[in-house]
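S.K.: Right, I'll just put the structure down here and ask away after.
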Amino acid sequence: MSSDKTQAKFADTRQKILDSARVIILGKGYAAVGLNEILTSAGVPKGSFYHYFKSKDDFGRVLLEEYFSEYLVKIDSCLGDTTIPAVQRLLNYFEHWKDSQCSDCQEEKCVVVKLSAEVADLSEPMRLALQNGIEKIQVRLAQCIAAAVAANELILQQQPEQLARELYCMWLGATLINKVNRTPDALQLCLRTTRQRLAAEVVH
């Protein structure tokens, strides 16, 4: 087999492992999932995990980095659509957040909520991947808020970065409460609060 075909097969198999693992981990968590379960689900021979990943920590890091990479593309599509006023883009983003976390689709669930409390004290590479991904999300939110200010849609008494952090932290906490209570109440309250917060800053 040629080198290119070998590399393509390696990348394809590695991706199958990551795709299968994400679905299982979103359901069970990280620590509760065994490597053999992931490999079986991916249709990969048992015992071959370390051919594709240096360690379970390395696997977890790659899993998170891939998740954030895909998620940031979605954020850029939503928050970067300049045909829509910036404030409305923000509201659309958070409305989608609420809808996705209240749905029955496991693949739509927030990986940050699922794994942050579980792995932050157990795996430094995964903690750093979470930290880096969260910071990038907040940067996108701050950029959209800044665009709203530049377009005279908002007048802020604080820096866009601060409001972005406040909104993200509020939504992350509400998503965790939503998971605990198994009701959409916290996220619905969060959306109302976000609308009120942005409306209070809107230029009239």
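S.K.: Of the listed values (i) 9; (ii) 28; (iii) 14, grab the one calculated as percent of Cα pairs over 31 Å apart from the structure here.
M.R.: (ii)
S.K.: Additional query: Please name which of 73, 169, 41 has its Cα lying farthest along the dipole of the chain towards the positive end, using unit charges on Cβ (Lys, Arg +1; Asp, Glu -1) and the Cα centre as origin.
M.R.: 41
S.K.: Take peptides 175-183, 3-11 and line them up by average Cβ neighbours within 10 Å, highest first, as a rough protection proxy.
M.R.: So the order, starting with the most tightly packed, is 175-183, 3-11.
S.K.: What part of the accessible area of region 101-178, given as a whole %, is carbon or sulfur when the probe is 1.4 angstrom?
M.R.: 53
S.K.: Relative to the longest principal Cα axis of the chain, at what angle does helix 160-181 sit, 0 to 90 degrees, rounded to 10?
M.R.: 60
S.K.: Would you please put 142-148, 36-42 in order of how densely packed they are, using the mean number of other Cβ atoms within 10 angstrom per residue and starting with the highest?
M.R.: On the way: 142-148: 21.3, 36-42: 16.7.
Top of the packing list down: 142-148, 36-42.
S.K.: I've got another one for you. How many angstrom separate the Cα center of region 7-51 from the Cα center of region 141-204?
M.R.: 36
S.K.: Could you sort out which of 54/136; 74/114; 16/56; 28/179 sit more than 22 Å apart by Cα distance in this structure?
M.R.: Result: 54/136 exceed 22 Å.
S.K.: If you place +1 on the Cβ of every Lys and Arg, -1 on the Cβ of every Asp and Glu, and leave all else neutral, what size is the dipole of the chain about its Cα centre, to the nearest 20 Debye?
M.R.: Dipole of the chain, to the nearest 20 debye: 360 debye.
S.K.: Let me know the charge dipole size of region 1-83 about its Cα centre in debye, to the nearest 20, where only the beta-carbon of Lys, Arg (+1) and Asp, Glu (-1) is charged. Don't skip to the answer; put the middle values down first.
M.R.: Working: 11 positive and 11 negative charges, 85 e Å.
It comes to approximately 400 debye.
S.K.: Quick query: amide H of residue 154 versus all other amide H atoms, modeled in the peptide plane; which residues come in under 5 Å with a sequence gap of 5 or more or a different chain?
M.R.: Residues meeting the amide H criterion: 149, 203.
S.K.: With a probe of 1.4 Å, find how much accessible area region 36-128 has per residue, and write the answer as a whole number in Å².
M.R.: The answer is 52 Å² per residue.
S.K.: Under a 5 Å amide H to amide H cut-off, with H placed in plane at 1.01 Å, what residues pair with residue 81 once short-range neighbours are removed?
M.R.: none
S.K.: With θ set to phi - 60° and the Karplus curve 6.51 cos²θ - 1.76 cosθ + 1.60, what are the ³J(HN,Hα) couplings of region 152-158 in order, to the nearest whole Hz, using x for Gly and Pro?
M.R.: Taking θ as phi minus 60°, the curve returns 6, 7, 9, 10, 9, 9, 9 Hz for region 152-158.
S.K.: Let me ask something else. Amide H of residue 33: which non-local residues (sequence gap of 5 or more, or other chain) have their own amide H closer than 5 Å, using H built in the peptide plane?
M.R.: For residue 33, whose amide H was placed from the backbone, there are no distant partners under 5 Å.
The values are calculated or read from the model by the stated rules, or taken from the named source; none is laboratory data. Note that this is a predicted model, so its numbers are computed, not measured. Reconstructed Cβ throughout: ideal geometry from the backbone, glycine too, with neighbour counts over all protein chains shown. In case anyone asks, the SASA skips ligands and DNA or RNA and just uses the protein heavy atoms, side chains included. Shrake-Rupley method; radii C 1.70, N 1.55, O 1.52, S 1.80 Å.
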